[in-house]
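The values are calculated or read from the model by the stated rules, or taken from the named source; none is laboratory data. Owing to the predicted nature of the structure, the values given are computational and were not obtained by experimental measurement. Heads up, the Cβs are rebuilt from the backbone with ideal geometry, glycines too, and the neighbour counts pull from every protein chain shown.
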Ligand code: NAD
(Lines give C-alpha, C1' and ligand atoms only; values in the text may rest on other atoms or scores of the structure.)
Protein backbone atom coordinates (compact mmCIF):
# COMPACT_ATOMS: atom_id res chain seq x y z
CA UNK A 1 0.00 0.00 0.00
CA UNK A 2 1.25 3.47 -0.92
CA UNK A 3 1.11 6.69 1.08
CA UNK A 4 1.26 9.80 -1.08
CA UNK A 5 1.65 13.03 0.88
CA UNK A 6 0.30 16.48 0.03
CA UNK A 7 3.85 17.58 -0.86
CA UNK A 8 4.32 14.63 -3.20
CA UNK A 9 0.98 15.40 -4.90
CA UNK A 10 2.23 18.95 -5.55
CA UNK A 11 5.46 17.57 -7.02
CA UNK A 12 3.80 15.01 -9.28
CA UNK A 13 0.42 16.35 -10.50
CA UNK A 14 0.56 19.64 -12.36
CA UNK A 15 -2.13 21.39 -14.35
CA UNK A 16 -1.60 19.37 -17.53
CA UNK A 17 -1.80 16.01 -15.71
CA UNK A 18 -4.96 17.15 -13.89
CA UNK A 19 -6.53 18.42 -17.13
CA UNK A 20 -5.90 15.11 -18.91
CA UNK A 21 -7.20 13.03 -15.98
CA UNK A 22 -10.37 15.12 -15.54
CA UNK A 23 -11.11 15.30 -19.28
CA UNK A 24 -10.73 11.51 -19.55
CA UNK A 25 -13.01 10.78 -16.62
CA UNK A 26 -15.72 13.20 -17.87
CA UNK A 27 -15.56 11.34 -21.20
CA UNK A 28 -15.84 7.96 -19.43
CA UNK A 29 -18.80 9.19 -17.34
CA UNK A 30 -20.66 10.30 -20.48
CA UNK A 31 -20.08 6.89 -22.10
CA UNK A 32 -21.41 5.12 -19.00
CA UNK A 33 -17.99 3.60 -18.27
CA UNK A 34 -17.59 5.46 -14.97
CA UNK A 35 -20.15 6.30 -12.33
CA UNK A 36 -20.31 8.21 -9.06
CA UNK A 37 -21.97 6.71 -6.01
CA UNK A 38 -24.43 8.76 -3.92
CA UNK A 39 -22.68 11.47 -1.92
CA UNK A 40 -22.86 11.51 1.89
CA UNK A 41 -22.41 14.89 3.62
CA UNK A 42 -23.38 15.33 7.27
CA UNK A 43 -23.02 17.91 10.03
CA UNK A 44 -21.24 15.85 12.69
CA UNK A 45 -22.35 18.00 15.64
CA UNK A 46 -18.77 18.80 16.61
CA UNK A 47 -16.48 21.72 15.67
CA UNK A 48 -19.26 22.98 13.33
CA UNK A 49 -17.83 20.47 10.85
CA UNK A 50 -19.41 19.06 7.71
CA UNK A 51 -18.01 15.63 6.89
CA UNK A 52 -18.71 13.22 4.08
CA UNK A 53 -17.70 10.81 1.31
CA UNK A 54 -17.58 11.04 -2.47
CA UNK A 55 -16.88 7.77 -4.21
CA UNK A 56 -17.14 6.03 -7.54
CA UNK A 57 -15.72 3.54 -10.01
CA UNK A 58 -14.11 4.25 -13.37
CA UNK A 59 -14.15 0.98 -15.30
CA UNK A 60 -12.16 2.38 -18.23
CA UNK A 61 -9.33 3.63 -15.98
CA UNK A 62 -9.84 0.82 -13.40
CA UNK A 63 -9.97 3.36 -10.56
CA UNK A 64 -12.07 2.57 -7.49
CA UNK A 65 -12.04 4.65 -4.34
CA UNK A 66 -13.42 7.27 -2.00
CA UNK A 67 -12.58 10.84 -1.05
CA UNK A 68 -13.41 11.49 2.56
CA UNK A 69 -13.34 14.84 4.27
CA UNK A 70 -15.24 18.07 4.57
CA UNK A 71 -15.21 21.55 6.02
CA UNK A 72 -13.95 22.62 9.43
CA UNK A 73 -14.70 26.37 9.73
CA UNK A 74 -12.28 27.05 12.62
CA UNK A 75 -9.24 25.41 11.04
CA UNK A 76 -7.80 28.72 9.79
CA UNK A 77 -7.10 29.74 13.44
CA UNK A 78 -5.11 26.51 13.80
CA UNK A 79 -2.99 27.32 10.74
CA UNK A 80 -4.84 24.74 8.60
CA UNK A 81 -7.08 25.23 5.56
CA UNK A 82 -10.79 24.79 6.28
CA UNK A 83 -11.42 22.17 3.59
CA UNK A 84 -9.67 18.90 4.51
CA UNK A 85 -9.78 15.65 2.58
CA UNK A 86 -7.96 12.39 1.88
CA UNK A 87 -8.41 9.89 -0.94
CA UNK A 88 -8.40 6.09 -0.51
CA UNK A 89 -7.85 3.98 -3.65
CA UNK A 90 -8.73 0.29 -3.82
CA UNK A 91 -7.80 -2.52 -6.21
CA UNK A 92 -11.01 -3.06 -8.26
CA UNK A 93 -10.13 -6.77 -8.70
CA UNK A 94 -9.59 -7.61 -5.02
CA UNK A 95 -10.87 -4.72 -2.88
CA UNK A 96 -7.46 -4.34 -1.26
CA UNK A 97 -6.39 -0.86 -0.22
CA UNK A 98 -3.85 0.37 -2.78
CA UNK A 99 -3.09 3.94 -1.75
CA UNK A 100 -3.85 6.77 0.66
CA UNK A 101 -3.40 10.12 -1.06
CA UNK A 102 -3.57 13.65 0.36
CA UNK A 103 -6.66 15.34 -1.08
CA UNK A 104 -6.32 19.05 -0.32
CA UNK A 105 -4.05 20.24 -3.14
CA UNK A 106 -5.65 17.73 -5.53
CA UNK A 107 -9.13 19.16 -4.84
CA UNK A 108 -7.99 22.62 -5.95
CA UNK A 109 -6.15 21.38 -9.02
CA UNK A 110 -8.98 19.06 -10.16
CA UNK A 111 -11.57 21.84 -9.69
CA UNK A 112 -9.47 24.20 -11.80
CA UNK A 113 -9.04 21.43 -14.37
CA UNK A 114 -12.81 21.03 -14.55
CA UNK A 115 -13.50 24.67 -15.54
CA UNK A 116 -10.47 24.52 -17.84
CA UNK A 117 -11.87 21.50 -19.67
CA UNK A 118 -15.12 23.44 -20.15
CA UNK A 119 -13.25 26.49 -21.47
CA UNK A 120 -11.19 24.32 -23.83
CA UNK A 121 -14.32 22.73 -25.31
CA UNK A 122 -16.93 25.51 -25.07
CA UNK A 123 -15.42 29.01 -25.02
CA UNK A 124 -15.08 31.00 -28.24
CA UNK A 125 -11.59 30.51 -29.72
CA UNK A 126 -11.16 34.31 -29.86
CA UNK A 127 -11.92 34.88 -26.13
CA UNK A 128 -9.54 37.59 -24.87
CA UNK A 129 -10.86 38.81 -21.49
CA UNK A 130 -11.14 36.47 -18.52
CA UNK A 131 -13.48 37.44 -15.67
CA UNK A 132 -13.24 36.04 -12.16
CA UNK A 133 -16.01 36.37 -9.58
CA UNK A 134 -14.37 35.28 -6.32
CA UNK A 135 -10.90 35.57 -4.87
CA UNK A 136 -10.66 32.83 -2.25
CA UNK A 137 -8.41 29.75 -1.98
CA UNK A 138 -9.59 28.22 -5.28
CA UNK A 139 -9.54 31.40 -7.38
CA UNK A 140 -5.79 31.49 -8.02
CA UNK A 141 -5.81 27.86 -9.18
CA UNK A 142 -8.76 28.68 -11.46
CA UNK A 143 -6.98 31.68 -12.95
CA UNK A 144 -3.74 29.81 -13.69
CA UNK A 145 -5.54 26.90 -15.34
CA UNK A 146 -7.97 29.04 -17.37
CA UNK A 147 -5.18 31.29 -18.63
CA UNK A 148 -3.68 28.29 -20.45
CA UNK A 149 -6.83 27.62 -22.50
CA UNK A 150 -7.10 30.80 -24.62
CA UNK A 151 -4.92 33.77 -25.61
CA UNK A 152 -6.26 35.97 -22.84
CA UNK A 153 -5.02 39.56 -22.81
CA UNK A 154 -6.59 40.77 -19.57
CA UNK A 155 -8.20 39.64 -16.30
CA UNK A 156 -11.12 41.49 -14.72
CA UNK A 157 -12.19 40.44 -11.23
CA UNK A 158 -14.72 41.16 -8.52
CA UNK A 159 -14.93 39.86 -4.97
CA UNK A 160 -17.36 40.55 -2.14
CA UNK A 161 -14.33 41.07 0.11
CA UNK A 162 -12.11 43.43 -1.92
CA UNK A 163 -9.18 42.94 0.47
CA UNK A 164 -8.77 39.44 -1.03
CA UNK A 165 -8.23 40.74 -4.60
CA UNK A 166 -4.51 41.66 -4.29
CA UNK A 167 -3.62 37.97 -3.81
CA UNK A 168 -5.41 37.18 -7.09
CA UNK A 169 -3.69 40.10 -8.81
CA UNK A 170 -0.36 38.55 -7.74
CA UNK A 171 -1.28 35.38 -9.67
CA UNK A 172 -2.17 37.46 -12.74
CA UNK A 173 1.14 39.36 -12.39
CA UNK A 174 2.95 36.06 -12.11
CA UNK A 175 1.55 34.82 -15.42
CA UNK A 176 1.96 38.21 -17.10
CA UNK A 177 -1.70 39.19 -17.50
CA UNK A 178 -2.94 42.75 -16.80
CA UNK A 179 -5.43 42.70 -13.91
CA UNK A 180 -8.27 45.09 -13.12
CA UNK A 181 -10.66 45.02 -10.14
CA UNK A 182 -14.09 46.02 -11.49
CA UNK A 183 -17.76 46.11 -10.54
CA UNK A 184 -19.85 43.12 -11.62
CA UNK A 185 -21.72 44.95 -14.43
CA UNK A 186 -18.39 45.94 -16.00
CA UNK A 187 -17.05 42.41 -15.54
CA UNK A 188 -20.05 41.07 -17.50
CA UNK A 189 -19.66 43.72 -20.21
CA UNK A 190 -15.96 42.98 -20.73
CA UNK A 191 -15.39 39.28 -20.08
CA UNK A 192 -15.56 36.62 -22.80
CA UNK A 193 -15.10 33.87 -20.21
CA UNK A 194 -16.41 34.19 -16.63
CA UNK A 195 -15.50 31.85 -13.77
CA UNK A 196 -17.57 32.10 -10.60
CA UNK A 197 -15.91 30.55 -7.54
CA UNK A 198 -17.53 31.88 -4.37
CA UNK A 199 -19.56 30.66 -1.40
CA UNK A 200 -22.53 32.87 -2.36
CA UNK A 201 -26.17 32.05 -1.63
CA UNK A 202 -27.58 34.66 -4.01
CA UNK A 203 -27.08 35.57 -7.68
CA UNK A 204 -23.96 37.65 -8.27
CA UNK A 205 -24.14 37.86 -12.09
CA UNK A 206 -27.37 38.88 -13.80
CA UNK A 207 -28.57 37.92 -17.27
CA UNK A 208 -28.55 41.46 -18.64
CA UNK A 209 -24.91 42.04 -17.63
CA UNK A 210 -23.48 39.17 -19.69
CA UNK A 211 -22.77 39.71 -23.38
CA UNK A 212 -23.65 37.27 -26.20
CA UNK A 213 -20.96 34.66 -26.83
CA UNK A 214 -19.78 34.51 -23.21
CA UNK A 215 -18.77 31.19 -21.67
CA UNK A 216 -19.46 30.88 -17.93
CA UNK A 217 -17.93 28.24 -15.67
CA UNK A 218 -19.94 28.25 -12.45
CA UNK A 219 -17.76 26.42 -9.93
CA UNK A 220 -18.77 27.60 -6.44
CA UNK A 221 -22.27 26.13 -6.11
CA UNK A 222 -21.89 22.61 -4.72
CA UNK A 223 -24.63 22.52 -2.07
CA UNK A 224 -28.42 22.95 -2.00
CA UNK A 225 -29.23 26.65 -1.49
CA UNK A 226 -25.97 28.06 -2.87
CA UNK A 227 -26.23 30.27 -5.98
CA UNK A 228 -23.85 32.42 -8.02
CA UNK A 229 -25.78 33.45 -11.13
CA UNK A 230 -29.30 34.59 -11.98
CA UNK A 231 -31.70 31.72 -12.80
CA UNK A 232 -32.77 33.72 -15.90
CA UNK A 233 -29.13 33.67 -17.08
CA UNK A 234 -29.00 29.90 -16.58
CA UNK A 235 -32.23 29.55 -18.58
CA UNK A 236 -30.85 31.70 -21.42
CA UNK A 237 -27.63 29.69 -21.75
CA UNK A 238 -26.80 26.40 -23.44
CA UNK A 239 -26.12 24.25 -20.39
CA UNK A 240 -23.36 21.74 -19.69
CA UNK A 241 -22.30 20.03 -16.51
CA UNK A 242 -20.06 17.35 -15.05
CA UNK A 243 -23.05 15.29 -13.81
CA UNK A 244 -26.72 16.13 -14.39
CA UNK A 245 -27.96 14.48 -11.15
CA UNK A 246 -25.69 16.75 -9.08
CA UNK A 247 -26.28 19.84 -11.21
CA UNK A 248 -30.05 19.85 -10.66
CA UNK A 249 -29.87 19.14 -6.92
CA UNK A 250 -26.74 20.84 -5.57
CA UNK A 251 -25.36 22.73 -8.57
CA UNK A 252 -26.02 26.05 -10.23
CA UNK A 253 -29.01 24.82 -12.26
CA UNK A 254 -31.00 23.89 -9.10
CA UNK A 255 -32.70 27.35 -8.97
CA UNK A 256 -33.72 27.46 -12.65
CA UNK A 257 -35.03 23.89 -12.22
CA UNK A 258 -37.11 24.73 -9.13
CA UNK A 259 -38.43 27.90 -10.83
CA UNK A 260 -39.61 25.71 -13.73
CA UNK A 261 -37.45 27.65 -16.23
CA UNK A 262 -35.55 24.56 -17.43
CA UNK A 263 -35.67 20.78 -17.07
CA UNK A 264 -33.00 18.07 -16.76
CA UNK A 265 -33.19 17.48 -20.52
CA UNK A 266 -31.84 20.99 -21.18
CA UNK A 267 -28.48 20.02 -19.61
CA UNK A 268 -25.72 18.10 -21.42
CA UNK A 269 -22.80 16.28 -19.80
CA UNK A 270 -19.61 18.00 -20.97
CA UNK A 271 -18.30 14.48 -21.61
CA UNK A 272 -20.65 14.31 -24.62
CA UNK A 273 -18.83 17.28 -26.13
CA UNK A 274 -15.44 15.69 -25.36
CA UNK A 275 -16.63 12.42 -26.98
CA UNK A 276 -17.97 14.28 -30.02
CA UNK A 277 -21.58 13.15 -29.51
CA UNK A 278 -22.74 16.75 -28.83
CA UNK A 279 -21.51 19.71 -30.90
CA UNK A 280 -21.01 21.99 -27.88
CA UNK A 281 -21.07 25.67 -28.87
CA UNK A 282 -22.76 26.11 -32.25
CA UNK A 283 -22.57 29.89 -32.73
CA UNK A 284 -20.37 32.84 -31.75
CA UNK A 285 -23.36 34.57 -30.10
CA UNK A 286 -24.45 31.65 -27.92
CA UNK A 287 -23.98 31.91 -24.15
CA UNK A 288 -22.60 28.62 -22.86
CA UNK A 289 -22.65 27.75 -19.14
CA UNK A 290 -20.78 24.90 -17.49
CA UNK A 291 -22.05 23.92 -14.05
CA UNK A 292 -19.05 22.34 -12.32
CA UNK A 293 -20.49 20.66 -9.26
CA UNK A 294 -17.42 18.56 -8.40
CA UNK A 295 -17.71 14.77 -8.61
CA UNK A 296 -15.85 12.08 -6.69
CA UNK A 297 -14.51 10.54 -9.90
CA UNK A 298 -12.50 13.72 -10.54
CA UNK A 299 -10.79 13.26 -7.17
CA UNK A 300 -10.14 9.59 -7.82
CA UNK A 301 -8.74 10.35 -11.29
CA UNK A 302 -6.15 12.84 -10.05
CA UNK A 303 -5.34 10.79 -6.94
CA UNK A 304 -4.72 7.71 -9.07
CA UNK A 305 -2.42 9.78 -11.29
CA UNK A 306 -0.59 11.08 -8.20
CA UNK A 307 -0.10 7.53 -6.87
CA UNK A 308 1.17 6.26 -10.23
CA UNK A 309 3.58 9.14 -10.78
CA UNK A 310 4.78 9.11 -7.16
CA UNK A 311 5.48 5.35 -7.31
CA UNK A 312 7.36 5.75 -10.62
CA UNK A 313 9.46 8.59 -9.15
CA UNK A 314 10.13 6.70 -5.89
CA UNK A 315 8.31 9.40 -3.90
CA UNK A 316 5.53 7.23 -2.41
CA UNK A 317 5.97 5.54 0.98
CA UNK A 318 5.31 1.79 0.84
CA UNK A 319 3.59 0.27 3.88
CA UNK A 320 2.62 -3.36 4.56
CA UNK A 321 -1.03 -3.75 5.55
P1 LIG B 1 -12.77 30.38 0.30
O2 LIG B 1 -13.46 30.31 1.61
O3 LIG B 1 -11.28 30.42 0.24
O4 LIG B 1 -13.31 31.68 -0.51
C5 LIG B 1 -14.69 31.98 -0.54
C6 LIG B 1 -14.93 33.02 -1.62
O7 LIG B 1 -16.33 33.34 -1.65
C8 LIG B 1 -14.21 34.34 -1.36
O9 LIG B 1 -13.94 34.92 -2.62
C10 LIG B 1 -15.28 35.15 -0.61
O11 LIG B 1 -15.06 36.53 -0.68
C12 LIG B 1 -16.50 34.73 -1.36
N13 LIG B 1 -17.76 34.83 -0.60
C14 LIG B 1 -18.01 34.36 0.64
N15 LIG B 1 -19.31 34.61 0.96
C16 LIG B 1 -19.85 35.25 -0.11
C17 LIG B 1 -21.14 35.76 -0.39
N18 LIG B 1 -22.13 35.65 0.50
N19 LIG B 1 -21.35 36.37 -1.56
C20 LIG B 1 -20.35 36.46 -2.48
N21 LIG B 1 -19.11 36.00 -2.28
C22 LIG B 1 -18.87 35.39 -1.10
O23 LIG B 1 -13.37 29.17 -0.54
P24 LIG B 1 -12.72 28.42 -1.79
O25 LIG B 1 -11.96 27.25 -1.30
O26 LIG B 1 -12.10 29.39 -2.71
O27 LIG B 1 -14.05 27.83 -2.47
C28 LIG B 1 -14.96 28.70 -3.11
C29 LIG B 1 -16.26 27.95 -3.36
O30 LIG B 1 -16.02 26.86 -4.26
C31 LIG B 1 -16.88 27.33 -2.12
O32 LIG B 1 -18.28 27.55 -2.17
C33 LIG B 1 -16.57 25.84 -2.25
O34 LIG B 1 -17.53 25.04 -1.59
C35 LIG B 1 -16.63 25.69 -3.74
N36 LIG B 1 -15.87 24.54 -4.27
C37 LIG B 1 -16.40 23.90 -5.34
C38 LIG B 1 -15.72 22.83 -5.90
C39 LIG B 1 -16.29 22.15 -7.11
O40 LIG B 1 -15.76 21.09 -7.50
N41 LIG B 1 -17.28 22.69 -7.76
C42 LIG B 1 -14.50 22.41 -5.35
C43 LIG B 1 -13.96 23.11 -4.28
C44 LIG B 1 -14.67 24.20 -3.75
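For the reader, a short list of remarks on this structure follows.
- Only strands (runs of 3 or more DSSP E) whose full extent lies in region 26-120 are considered here, and the ones with at least 2 residues that are buried (at least 18 other Cβ atoms within 10 Å of the Cβ), more than 12 Å from the ligand (Cβ to nearest atom) and assigned by TED's automatic domain parsing to the domain that holds residue 6 are 34-36, 50-58, 63-71, 83-90, 97-102.
- Of all residues in region 259-267, none satisfies being within 24 Å of residue 158 (Cβ to Cβ) and either surrounded by 20 or more Cβ atoms within 10 Å (Cβ to Cβ) or modelled with pLDDT under 95 (or both).
- Flag for residue 139 being within 13 Å of the ligand (Cβ to nearest atom), touching a helix residue (DSSP H, G or I) at 6+ places or on another chain (Cβ under 9 Å) and over 23 Å from residue 223 (Cβ atoms): no
Residue by residue, here is whether (1) surrounded by fewer than 23 Cβ atoms within 10 Å (Cβ to Cβ); (2) in contact with a strand residue (DSSP E or B) (Cβ under 6 Å, 6 or more places away or on another chain); (3) closer than 22 Å to residue 37 by Cα holds:
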{"position": "280", "(1), (2), (3)": "yes, no, no"}
{"position": "283", "(1), (2), (3)": "yes, no, no"}
{"position": "289", "(1), (2), (3)": "no, yes, no"}
{"position": "297", "(1), (2), (3)": "no, yes, yes"}
{"position": "301", "(1), (2), (3)": "no, no, yes"}
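Residue by residue, here is whether (1) in contact with a helix residue (DSSP H, G or I) (Cβ under 9 Å, 6 or more places away or on another chain); (2) within 16 Å of the ligand (Cβ to nearest atom); (3) assigned by TED's automatic domain parsing to the domain that holds residue 102 holds:
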{"site": "279", "(1), (2), (3)": "yes, no, no"}
{"site": "289", "(1), (2), (3)": "yes, yes, no"}
{"site": "302", "(1), (2), (3)": "yes, yes, yes"}
{"site": "308", "(1), (2), (3)": "yes, no, yes"}
{"site": "313", "(1), (2), (3)": "yes, no, yes"}
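- Residues in region 268-277 that are over 16 Å from the mean Cα position of the chain (by Cα) and within 22 Å of residue 146 (Cβ to Cβ): 268, 272, 273, 274.
- Verdict on residue 304 being part of a helix (DSSP H, G or I) and more than 17 Å from the chain's Cα centre (by Cα): yes
- Hits in region 306-321 (condition: surrounded by 15 or more Cβ atoms within 10 Å (Cβ to Cβ) and in contact with a strand residue (DSSP E or B) (Cβ under 7 Å, 6 or more places away or on another chain)): 306, 307, 310, 311, 316
- Some residue of region 237-250 being touching a strand residue (DSSP E or B) at 6+ places or on another chain (Cβ under 9 Å), assigned by TED's automatic domain parsing to the domain that holds residue 128, assigned to a helix (DSSP H, G or I) and more than 27 Å from residue 55 (Cβ to Cβ): no
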